[in-house]
Amino acid sequence: MLREEFKKCIELCNHCSALCENCASMCLREEDLKKMVRCIELDRVCAEICRTAAMFMASSSEFVSEICAKICQVCADECHKFPDMEYCKKCADSCGACAEECLKMAA
């Protein structure tokens, strides 16, 4: 059975992963792609670590939550640089919430 304390973090990791994938896909459609490169890179890395963290927590392991929190925060900071892009804003908000919850798990 899934440990109760992991449920919220797993949910936030899965949501963050989906929004990061969406953000990366939308950024790839931007006219000035060069300015979006770092955002796209971080979106992809963040999506992957969030999926991995959720998988580990589903098996009752908290070992990746600290690195997940760090990557999510870096991704959130990058996405915040594009406040006029709704998908970046949603991604940043989700990454920030995920980072916060993952830090709780790491403590």
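Take LYS81 and tell me if it is within 19 Å of LYS35 (Cα to Cα), at pLDDT 95 or above, surrounded by fewer than 18 Cβ atoms within 10 Å (Cβ to Cβ) and not polar (S, T, N, Q).
Yes.
For segment 44-66, enumerate the residues that are part of a helix (DSSP H, G or I) and farther than 15 Å from LEU12 by Cα.
Residues satisfying the conditions are ARG44, VAL45.
Can you run down the residue pairs with Cβ atoms below 7 Å, 6 or more apart or on separate chains, where the first is in segment 16-32 and at pLDDT 95 or above and the partner is of a type in the set (S, T, N, Q) and not in a loop (DSSP other than H, G, I, E, B)?
From segment 16-32, the pairs are CYS16/SER94; LEU19/SER94.
Scan segment 46-66 and report the pairs whose first residue is over 22 Å from SER25 (Cα atoms) and whose second residue is among the charged types (D, E, K, R), with Cβ atoms within less than 8 Å and a gap of 6+ or a chain change.
Filtered contacts from segment 46-66: PHE56/GLU62; MET57/ARG3; SER60/ARG3.
The values are calculated or read from the model by the stated rules, or taken from the named source; none is laboratory data. If you're wondering where the values come from, they're calculated on a predicted model, not measured in any experiment. For neighbour counting, all protein chains shown are included, and Cβ atoms are generated from backbone atoms with ideal geometry for every residue, glycine included.
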